[in-house]
Amino acid sequence: MLKKISSGPYWLWSLIFIVVPIMLIIVFSLSVPGDTFRFSLENYRRFMEPVYLKVLARSVKIAVEATLICLAIGYPMAMILAKMHLKYRTIAVMLLVVPMWMNFLLRTYAWMTILNKNGILNQLLSLFGLPQMTFLYSEGAVLLGMVYNFLPFMVLPIYTVLTKMDNALIEAAEDLGANRGTVFLKVTFPLSLPGVLSGVSMVFMPAVSTFVISDLLYGGQYMLVGNLIQQQFLVVNDWHFGSAISMLLMVMILITMSIMNRLGQNGIEQGGGNIW
Amino acid sequence: MMDRIVNGINVSKVYNGVAVVKDIDFWVKKNQFLTILGPSGCGKTTTLRMIAGFEQPTAGHIFFEGLDITNIPPYKRAINTVFQKYALFPHLNIYENIAFGLRIKKLNEKEIEKRVARMLELVNLKGFEKRKVHSLSGGQQQRIAIARALVNEPKVLLLDEPLGALDLKLRKEMQIELKNMQRELGITFIYVTHDQEEALTMSDKIIIMNQGEIQQTGSPIDIYNEPENAFVADFIGESNIFDGTMPSDCRVLFANREFECVDSGFQTNESVDVVIRPEDVTLSEPEAGVLTGEVTSVVFKGVHYEMLIQEGPRTWMVHNTLMAPEGAMVGLSVLPNDIHIMHKEG
């Protein structure tokens with residue numbers, strides 16, 4: 001009984017801040033502009049037009065790329081951090097986290113001044129007598145912005161899993177004849193999968209829905225789905241279409257996450273040789 | 001020398017300036033069951049980890065079948081370990097856990113299947129192939145850990161307090177099983193424990209360590225009957241330890257009385273530790289004993305009674321199958337052969 005009462009605030013909170021807003025978005029997405037509510041699937045049909053689907057495809061592609069790059073850089077980083085002496089480890093983790101305390105917009109702006117036509121990078125190039133290049137307003141710049149901003153989200157969960165891993169398991173593998181490479185492939189990596197999966201989702205989700213990074217570093221109008229949604233709400237003022245795109249994006253992320261979860265559970269819970 | 005399968009010479013280990021193992025020599029012969037026994041922090045586990053290769057000695061060398069393996073990494077040693085908390089791989093099922101070492105050796109699937117099945121039979125866990133690690137009890141996990149090590153047919157098996165987490169009954173059963181396995185398979189076992197009873201039950205040879213140094217090496221019978229110093233006497237079984245002096249060879253003065261004993265070679269009037277096992281004290285009517293005392297406590301221990309007897313300022317622990325009631329006056333006497341004289345330490 002007490003349990004029921006004490007969870008009350010949680011349900012109230014969820015109702016006000018999660019359930020009701022989502023219901024509102026659903027209602028908006030299922031109606032067309034007008035003074036009264038008129039049910040319609042028009043917004044969803046409209047998104048199926050090639051123009052919009054292309055935007056979605058581009059968003060997914062660049063988010064997947066950013067996630068893979070973050071994984072490729074983040075995993076070794078997490079390993080180095082986890083192996084560090086405790087004395088330096090705290091400082092190193094701090095250094096990784098501190099930039100996240102700075103405003104997201106500011107951090108991305110900083111890249112503009114680096115990648116600019118007259119930015120630091122181009123000045124360096126001309127110092128060596130090399131021709132100037134266009135770094136800014138390219139897909140590469142957006143990718144760089146995503147990797148830079150979201151890398152800590154990949155490193156931290158993997159780092160946490162690695163530091164919690166029982167060293168005896170690694171010793172046991174060595175004891176059974178595994179060299180360092182084999183230990184990694186057969187023990188360390190499979191056991192760190194939960195960290196990898198949560199890192200992947202924590203990078204992929206913001207990457208696929210961002211609009212600030214693409215806005216600042218690309219400037220293009222319909223670059224990513226995030227920009228598209230932002231435009232519908234702030235420029236075109238079509239809340240109905242914007243809500244429909246948001247819903248579709250949310251459903252897509254939900255499906256991706258549930259697939260990832262299933263993958264993780266297969267590897268860790270059921271055991272067997274399926275990871276090898 | 002040649003029959004020493006593992007041989008450590010002048011082995012030391014220093015962690016952050018603290019000497020954990022201090023210049024010890026040890027060896028084990030082929031097919032022997034060696035136990036390294038000592039209280040926690042005595043350096044026994046560190047010694048075992050150096051044999052396994054997880055730690056490098058700060059000084060000294062370890063030989064395996066006559067070859068120096070001091071700098072050989074663990075995965076190249078024909079030695080396997082059973083870890084204290086089992087260290088089974090949680091992401092693999094029981095079959096894959098046992099097959100781990102065989103897969104690394106790239107054995108074919110048929111051979112792996114055969115060997116895993118044989119191991120599961122050996123540890124009495126047939127039919128557990130597909131089970132998950134965390135669905136097994138502590139005792140079952142321990143058996144799997146043993147199977148996972150033995151399946152590789154190591155020449156030496158290291159066991160780091162493998163029965164520590166099991167309850168008493170299971171521990172006793174596993175002690176007998178381990179000893180049987182060792183005899184049947186003809187593998188050298190090096191076993192680390194702080195449990196003296198475990199050591200006495202299973203070992204061919206015991207090394208007793210304290211504060212990084214070896215106190216005594218010998219068979220269980222030697223160590224029990226002829227402890228070399230008061231630490232060993234106290235650690236192995238129960239002991240009465242009294243202060244005494246040696247007026248001359250085969251004479252010892254303690255409890256205000258001179259006793260006949262069998263030890264000699266001490267300096268005249270040297271201060272010594274006098275060690276007497278509780279079961280070696282004979283109780284009698286007060287007038288028939290050499291000393292007299294009052295029974296202050298009686299505890300029934302199953303086979304015998306454990307009695308505390310106050311004799312002057314000294315408390316004697318006495319084990320006897322007959323009981324003297326609390327408050328009774330009794331006589332105490334000890335045969336010369338049962339009085340052990342030891343040099344005082346430090």
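The values are calculated or read from the model by the stated rules, or taken from the named source; none is laboratory data. Source: prediction; values computed, not measured. Note: ideal-geometry Cβ built from the backbone for every residue, glycine included; neighbour counts use all protein chains shown. With ligands, DNA and RNA removed, areas are computed over all heavy atoms of the protein, side chains included. Shrake-Rupley method; radii C 1.70, N 1.55, O 1.52, S 1.80 Å.
The table that follows gives values for the structure above.
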read-out	value
Test: residue in segment B:312-324 that is more than 29 Å from the chain's Cα centre (by Cα), open to solvent by less than 60 Å² (accessible area, probe 1.4 Å), in contact (Cβ under 8 Å) with a residue 24 or more places away in the chain and closer than 21 Å to B:Phe231 by Cα	yes
Unmet criterion (only one of (1) farther than 30 Å from B:Met307 by Cβ; (2) touching a helix residue (DSSP H, G or I) at 6+ places or on another chain (Cβ under 6 Å)) for B:Gln216	(1)
Residue that is most open to solvent (accessible area, probe 1.4 Å), among those in segment B:123-138 that are within 33 Å of the chain's Cα centre (by Cα) and away from every other protein chain (no Cβ under 13 Å)	B:Lys126
Single residue of B:Glu287, B:Glu345 found to be open to solvent by 60 Å² or more (accessible area, probe 1.4 Å), acidic (Asp, Glu), over 19 Å from B:Ile236 (Cβ atoms) and outside any strand (DSSP E or B)	B:Glu287
Number of the exception - B:Lys44 against (1) within 27 Å of B:Ile144 (Cα to Cα); (2) within 14 Å of chain A (Cβ to nearest Cβ)	(2)
Subset of segment A:115-137 that is polar (S, T, N, Q) and under 29 Å from A:Val208 (Cα atoms) - its residue that is most open to solvent (accessible area, probe 1.4 Å)	A:Thr134
In segment A:138-159, the residues that are of a type in the set (S, T, N, Q) and either farther than 12 Å from A:Thr67 by Cα or open to solvent by 20 Å² or more (accessible area, probe 1.4 Å) (or both)	A:Ser138
Answer residue from segment A:1-22, given it is in a helix (DSSP H, G or I) and among the hydroxyl-bearing types (Ser, Thr, Tyr) and is most open to solvent (accessible area, probe 1.4 Å) among those	A:Tyr10
Residues being free of Cβ contacts under 8 Å to residues at least 12 places away in the same chain and polar (S, T, N, Q) - total across segment B:67-119	1
Count of residues meeting criterion [surrounded by 15 or more Cβ atoms within 10 Å (Cβ to Cβ) and in a loop (DSSP other than H, G, I, E, B)] in segment B:251-284	5
Sole exception among (1) open to solvent by 40 Å² or more (accessible area, probe 1.4 Å); (2) closer than 26 Å to B:Thr201 by Cα; (3) in contact with a Ser or Thr (Cβ under 8 Å, 6 or more places away or on another chain) for B:Met307, by number	(1)
Residue selected from segment B:24-47 under the condition touching a residue at least 60 places away in the same chain (Cβ under 8 Å) and under 15 Å from B:Thr70 (Cβ atoms), by the criterion surrounded by the fewest Cβ atoms within 10 Å (Cβ to Cβ)	B:Asp25
Only listed residue being touching a helix residue (DSSP H, G or I) at 6+ places or on another chain (Cβ under 8 Å), open to solvent by less than 10 Å² (accessible area, probe 1.4 Å) and within 12 Å of another protein chain (Cβ to nearest Cβ), chosen from B:Leu120, B:Leu92	B:Leu92
Selected residue [surrounded by fewer than 20 Cβ atoms within 10 Å (Cβ to Cβ), within 14 Å of chain A (Cβ to nearest Cβ) and touching a helix residue (DSSP H, G or I) at 6+ places or on another chain (Cβ under 9 Å)] from B:Ile79, B:Ile104	B:Ile104
